[in-house]
Every structure is written in C-alpha cells, then in structure tokens.
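Each remark here refers to the structure printed beneath this line.
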Number of protein chains: 2
Amino acid sequence: MSGSSTSSGDPTSVTTGPGGTSTGSPPSTAAGRVTLPGANLTALRDHNAATVLSLVRAASTGGAAEHADGAGQTTDAAGQTEAVGGTGISRVELARESGLTAQAISKIVQRLTEDGLLAETGRGASTGGKPRTLLSLVPDARWAVGVQLGRDELTVLRADLAGRVMAARHVPIDLAGWGPRPVLDLLGEQVDLLLGALPRDRVLGVGIASPGPLDQRGGVLHDVTGAPSWTGLPLRDEVERRLGLPTLIEKDSTAGVLSALGSPNRAFVHLDRGLGAGLVLGGAVQRGARTNAGEFGHQMLDPTGPRCRCGNAGCVEALWAAAPTPTAAARVLGEAIANLVRLLDLDEIVLGGREVLAAPDLYLTEIRGSLAARLPDPAWQTVTLSVAPSGPDAVALGAAGLVLTRLFG
Amino acid sequence: MSGSSTSSGDPTSVTTGPGGTSTGSPPSTAAGRVTLPGANLTALRDHNAATVLSLVRAASTGGAAEHADGAGQTTDAAGQTEAVGGTGISRVELARESGLTAQAISKIVQRLTEDGLLAETGRGASTGGKPRTLLSLVPDARWAVGVQLGRDELTVLRADLAGRVMAARHVPIDLAGWGPRPVLDLLGEQVDLLLGALPRDRVLGVGIASPGPLDQRGGVLHDVTGAPSWTGLPLRDEVERRLGLPTLIEKDSTAGVLSALGSPNRAFVHLDRGLGAGLVLGGAVQRGARTNAGEFGHQMLDPTGPRCRCGNAGCVEALWAAAPTPTAAARVLGEAIANLVRLLDLDEIVLGGREVLAAPDLYLTEIRGSLAARLPDPAWQTVTLSVAPSGPDAVALGAAGLVLTRLFG
DNA sequence: GCCACTTAATCCACAGTGTTGTTTAACTGG
DNA sequence: CCAGTTAAACAACACTGTGGATTAAGTGGC
C-alpha cells in the first residue's frame, strides 16, 4: 500500500541470500499432513520401494514409461521390453531405471512380493543370456477409498492399485442445508457399505475431495461458499476418527488431476459450477501458498467483459457464463487454457466436470482449435487434450489416487 | 484436430490408472542434469546434510525460518532461538525441525564442521539446563560462479554461501553478431579473472543463465530468437569442458527466481526486452515440459489489444509495449501479475530486469494497486511484492544460486 | 555454597540399508 | 555339446541413523 519503498531492498521483503530450491522451512504440507525434511533408513527403504512400485506400474499400464510412446508389447528399437510369456518389467530394467544395484532391486522386490504387492508374471525374451523375469503389480493387493463431497451429491468409490473403479456409490445430499453432522454420518455409512466384508487392513486409506479450499495446514475446510456451517470444520481429523482409516484431503479440482497417470506437467480443468484447475507441475501436485492454487476461473481475459461474482470484470468464469452459445462458451475456455498451457509449459490437459461431460466433443473441438490458433509453433503441438476417462467419477477417483501416493511415492 | 473422439477415452490420451504424483518415468531433469529416482546411503547422507545446511542457512539469514516473521533475536513465544553470544541454530533445534535424532544431527554437524561448512558461533540462553551451542554457516567455505549470457552484456560474478555477491564483472558483447566462439572465449577469460588465485576446489561450480529456452534435457540452447548461430549449441557441456567446473544451466528468468531465498510459492517477474517469469512452486523450480515455463508475456489479457510479435493479439507484452505512459505500462503488468498470483496462489513476487530497475517505485506502486484492487479478499493481502535486492545482478546471482542447490538440496 | 533437577551433546553397541564380489540359473550360438 | 552371455541370488561388508547410557553445563531451592 505504501509508496515508501526504495529501489532495492523493500521493507516488506524478508529475502536474503540466493539459493536453493526454496527457503525450505515451513514444513511441506502434503494433503493435510506435515512431513519433516530429514530422512532415515526407514524413509530410504520406503522411498525405494515406492520407486520400484512406481516403475512397475508405469511399465504395466503401458504408458509413458520409456519415451511416452506406449506401444510396450513389441520389440523397441533398443531391444527391450520384448514380452513373451506375460507383461511387466524385469529386475535388471528396474535397476537401470532406478539407479539402484541389481542386488538392491532383488531385495526390494522380494519384500514387495512377500507383501503381496508384486508378482512374477512371465519371462522376457532372451537378450543373449538368461531371460528376464517379468514383474507386475497385483492390483487387488490393496485398495483406496475415494470420496467426493459435492454440494448436491456424495460419491464414494473403491479403487484398486491399477486405478480402476471397483465399486462406486452416488447419494444426493444438500451440503449447505443439512450441515456437517448428517452428511458425515451418511459418509460413514456409505463407506461401510462400500467396503462390506473386505479386509480393512488391505484398505490403504481414504481420500476426500473437498468442495472448496482448505486451511493452511491440517485439512480444515477454509470457506465453503454458501455453506457457512462447514467453514472451519476439521474434516480430515473428523473422518479419520470416524472411519479409523488414514485420511487425506484435497480440494476437488486438485484431486481431479490425480484421477489418472499422466505427464509431470499437466492440468485437470474442472468445469462444474465454478471453474477450477488441478495442477501437477514438475511431477508434484501444486497447492499454492494457501491451498488455493488453480483458481483458474478468475483470470481476467477481457477488461470489457461482464462482472463476475468475485467482484472483478472479465473473468473467464463470467465470460463463460455469459457466452451466448455453447460454442462461444467452449471458445472462452479454449483461450484460457491456451494461456495456461503457455504460462506453465504443460503438455497435457484433461477435462472434467458436469459441464464438460454434457458436451465433450464440443469442448474438445473448440479447445483444440484455440490451442492450434494461439500456439501455432510446432514446439507446442504436442499438447495432449482429453476428457477424463473416469467421467463423473474423476474427482472421487483422484481422491483415491491421493491415497495411493502412500505406496507409489 | 479431428472431432472423432468419444466422450471418454480420447485416443490421443495414453493415461491409465489413477495415481501418485506423476507417471514418474521421464528422468527428472534438473538444470540440465539427469537424476535417477532411486536413493542409496550416499544419497541419504547428502540429503540430510543438505537439510541441515538449509536449516542453518534459514536460521542465520533470519528469514522465514519459523513463522516467516523473521525477528529471530529476541525470545519467541515458545521460548526458542533466544540468542545470547551469537547467532545461529542449535543441534536440538535442528533435530526437531529435521525430524532426525539428536545423535544423527551431531554426526552430520561434525562432518560438516570438518568440511569447514559449519562453525560454532555462540551459546543460546539456557532453557533450564545446559545452554544450546549455536551453529552458523561459514559463508566463505565455498563459492559459486554465476554467469548471465545476455544479448548485449556478459555478466560473471562470484557469490558466497550466504548468497552475497563477492565480485562481479560486466562486459558488453553482441551475442547474435559475434556468434558462439568469441563469446565463449571471453566467458572463459572473465571467469579466470574473476576467480584469480582462489582455490578452485572451493568453487562449487558455474551456473549459467541462458537468453532463451533450452532443449528438453541436456542443457542445449533451443532457439535464441535473432541469434541463429547459437541454436542447438550444447552450451552446458561446452562451458563445463572449458572451465573444468561442474556447470548447470537455466533460462534467464527462471534463474532470476533463485537470486534470493523466499517463499516456496513465488515468482520472479523479469521485465527486460521480453517479459518472462521464473517460478518456484511447491518449493521447486518449475521448468515445464520443454523448459518453457514462465512465458508470462504471452498470456492474452485483452482480445482487442494490439498484435504481438508472437502472432497473437492482446498479449501482455504487446499491451505493455503499446502503453501510452509508463504508468499505463505498469498497470498492464499489474493486471497480469494479479492473474498469476491468483492462478498459482503465490505469496511473493520479486521484480527484476532493466525496465523495472529504471523506475522501481512506479512499478511497485502500480502493481500494489492492481493487486489490492483485483484481490480484495483479506486472504490475498499477504502477498509480498519487492524489487530484487541484487538489482542488475539478479539473474547472474540466481544462476550462482542454481549451483548452491548442490549443497542446500 | 551445595545439591537435586533439567537440558544439551556425546559415547557405544546395534539394526538395517544398499554395495561389492562371487556363484548359480538359464538361454544363445557355433 | 560346450563356451559365452545375461539374470538373479548368496555372502561378507561398509556405513547410515537409532536407542540407551553417560558426560557437560547450566538453573533454582535451601
């Protein structure tokens, strides 16, 4: 506010010294849990186990493992991954891709096999000597529960390690009208019904997609617009206590970006009531300084545009709502996405949310057009655009994916 | 382009399975070096050493260590960090903040002290028992060289571990006209002059800020607009070979964001010829899918705006260039920054570059105004705005900061 | 002035990680 | 059939952080 600052060394700034990645200190919050930076032997072991599992998963889903070309079954140029009696990845390949020794990989794989997470599923073709033994994930070794707490619907689902939805339940609710208690009771009931007689010790945990931003740390709802009774509720702790399962929480659009594997630099554009985006940048989910990252709907696109509910003029969301035709609405979104792709250098955009699912082809076509027009340079032509394969379950599935982070790192 | 996609499962998409943070596989590139995901005991040790150094640095620079309040000298509410005979941080505090045992911290500190990186610099006040021994960085234990390869100027400087510029040299060049060879010869000469008789084994390495984006991996110049002779040059390897020092490379605006410590969610807005931004999000430097992250100047702000050199209409950069008065130009930038802050939920913006340094107060005032107007909610009022304290050396100092990552993690 | 109490830091034995060197398993090719 | 080659396991080992006991250096009550 004041204009008293001099040209360098502004008093509002506390910065000193150049540096590494970040200040480092405010303990990094991940989905409502605090993680300290030091690593002990247990952390080392878990990290490497997660690395191995992650590599195995990437290999068996056939996606983005080597050169993002995903054929995976036939002989590559380098002569690897030639499957004969099954699918998977061998220990030697794991060693090469992880940077660990073959011996270390053997031990890790042994542990994971004993835990039931991995299994030998075939033999690779010989490369001149003993053929490789192929390893794969056992998808049903563990499950994750995903919950989407929407304004008018509660979704609970169970996903396996391959990220498939094994069962899902949708129940209409009135988040604002009912208030927390009855909704949480219902949530508990529905999760119980969902899990039935399944062994609870194979359920990794519960991921919740909240309808709005969260508090700085700790999984407390920050401010649910139009539902004051929810504001300030320590939702994570509350659900964890009721269900007795490890619980993580994330804003809905942010959860959505975890609904499927993908590029380390991607966005999930969520077009429901509001317009939000979930961001994965540099391989990490982005939450921002106050878990508000991805407020995609309120970037200004046109100073002469209509006034938005946020108070400003020309927001994407307002332009979208005021668009005369669906095509015009999709085009507005396309412009905004082009800005996003260019600013963050993304190479994958996934669309989700009710509005998109109502007219997926329209949105895909228009947004493709906008991207092609506004990013004509060939370097930008590799942007992948798609609608979330999990459709209306994307956000809940992403919440489940949040839990899988416990295994895959 | 085609409209043949169905509502879910678009053919252009290779995604399957929900999931963890990212696909994991394309080996994470950090400033032109490949890092494999597996971690061995050496990596563990280095990580913890970096953690300790980072905590010590945060404590001695007095910034953002505990609650971003940075008083640091007097008694905190919790009764910690009460300095008596010096500044620094004690082993117990390091243990608490890192999550490691006091014993582990003792060993790590011992190693770092033997390496000359840390020193005991005083005693804390007693908290009822034996007073804490305070530790601090030894700033001159190591140095980093930072290079900014500008279009018309070459900057080389030496920074110490506290991030202070110990010596700097500025030489006019003509990047496009001269071509690579003479410029690289000059660069070598200047670094030699800069380092003089200093022991080379205490120079951690060289960081280079390139005038444009880099190739996917490996530190190759991608496309230096207007200087075709530089396109495709493997600059990192070339400089590393000539100087015999570990070399890292980064795009100039991205390097700038490392010129000072700061928030884990911050941007360095670089207003020179073009308009770029360096981004640190979630504590990590963001490079994007093709090292193009931060193309801040080409977000569309006004569909009726003037045509930009990039081919589109209404880009920030074009609007800024066409602004009738300096105030109007600053206001355009303010709008764009407001979009940025909101989209990524940043809490710190640092301004740099020639244009800003020519009229810092104007820019600060106008941008503050834009932020206050467009982000009126109190939750957004905590955004810190400042001009880079290192002024014209910011980008080169950031390049040096890139090298410090080797120590601080 | 003394002594119980408290907190910081170190000493010592130890569990568990990945590594190195060697051996066994399994297939290719002349 | 056997040398050559690659995959994976076995055995001894180095080095990490951990846990428990010990020493160092203050405070405060009497």
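Things worth noting here:
- The stretch B:372-397-the stretch B:101-173 distance, computed between alpha-carbon centres (Å): 25
- Using a cutoff of 8 angstrom between alpha carbon atoms and counting only pairs six or more residues apart, the relative contact order for the stretch B:266-387 works out to 24 percent.
- For A:Ala119, the label point sits 7 Å beyond Cα toward Cβ; its separations from the matching points on the remaining copies run 6.2 nm, from shortest to longest.
- Among A:Ala159, A:Thr87, A:Leu194 - extreme Cα towards positive end, dipole of the protein assembly as shown, charges at beta-carbon: A:Thr87
- Highest-MSF residue in chain B out of B:Pro234, B:Pro303, B:Pro213 [GNM, Cα springs under 10 Å]: B:Pro303
- Of interest is the spacing of the C-alpha centroids, which for the stretch A:251-307 and the stretch B:325-357 amounts to 21 Å.
- Listing B:Asp46, A:Asp152, B:Asp272 from fewest to most neighbouring C-beta atoms within 10 Å gives A:Asp152, B:Asp46, B:Asp272.
- Extension gain, B:Asp185 back to B:Arg33 (0.36 nm per residue minus Cα-Cα distance, nm): 52.3 nm
- Cβ-based net charge around B:Gly352, under 12 Å, with every Lys or Arg adding one and every Asp or Glu removing one: -3
- Long-range tail of P(r) for the stretch A:266-387 (Cα pairs > 21 Å, %): 34
- Nearest-0.05 FRET efficiency for A:Ala102 and B:Asp201, computed from C-beta distance (R0 22 Å): 0.05
- Chain A: angle of helix A:394-408 to the longest principal axis, Cα-based, in degrees nearest 10: 40
- Shape category assigned to the stretch B:318-357 from the gyration tensor of Cα positions, a/c cut at 1.5: oblate
- Placing unit charges on the Cβ atoms only, positive for Lys and Arg and negative for Asp and Glu, gives the stretch A:266-387 a dipole magnitude near 320 debye about its Cα centre.
- Counting only DSSP beta bridges whose two residues both lie in chain A, roughly 65 percent are antiparallel.
- For chain A, pairs of C-alpha atoms spaced more than 41 angstrom apart make up 20 percent of the total.
- Projecting the Cα atoms of A:Thr304, A:Leu357, A:Ala328 onto the charge dipole of the stretch A:266-387, computed from C-beta unit charges around the Cα centre, puts A:Thr304 farthest toward the positive end.
- Dipole axis of the stretch B:113-197 (+1 Lys, Arg; -1 Asp, Glu on Cβ), positive-most option in B:Gly177, B:Pro131, B:Gly116: B:Pro131
- Our coupling estimate for the stretch A:326-340, obtained by passing each phi through the Karplus curve with A = 6.51, B = -1.76, C = 1.60 and θ = phi - 60°, is x, 4, 4, 4, 5, 5, 4, 4, x, 4, 5, 5, 4, 4, 5 Hz, Gly and Pro reported as x.
- Förster radius 60 Å - calculated FRET efficiency between A:Trp178 and B:Asp192, Cβ distance, rounded to 0.05: 0.25
- Total formal charge among the other residues, if their Cβ is under 15 angstrom from that of A:Ala141, Lys/Arg +1 and Asp/Glu -1: +2
- Residues B:His298, B:His47 arranged by fewest to most Cβ contacts within 10 Å: B:His47, B:His298
- Ordered by the count of other Cβ atoms within 10 Å of each Cβ, fewest first, B:Met300, B:Met166 give B:Met166, B:Met300.
- Residues considered: B:Leu343, B:Leu245, B:Leu362. Largest GNM mean-square fluctuation over chain B, using C-alpha springs under 10 Å, is found at B:Leu343.
- Between B:Arg169 and A:Ser229, the distance separating the two model label sites (each 7 Å from Cα on the Cα→Cβ line) works out to 7.2 nm.
- Magnitude of the charge dipole, chain B, Cβ model with Lys/Arg +1 and Asp/Glu -1, debye to 20: 700
- Counting Lys and Arg as +1 and Asp and Glu as -1 over every other residue whose Cβ lies under 12 Å from the Cβ of B:Gly334, the net charge comes to +1.
- Between B:Ala372 and B:Arg273, the FRET efficiency estimated from the beta carbon spacing at R0 = 25 angstrom works out to 0.30.
- The stretch A:218-280 shape via C-alpha gyration tensor axes, a/c threshold 1.5: oblate
Quick note: the coordinates plus some simple rules give every number you see, no bench work behind them. In this text the structure is predicted, and so the values were computed from the model without any measurement. Note that we place each Cβ from the backbone using ideal geometry, even for glycine, and neighbour counts take in every protein chain shown.
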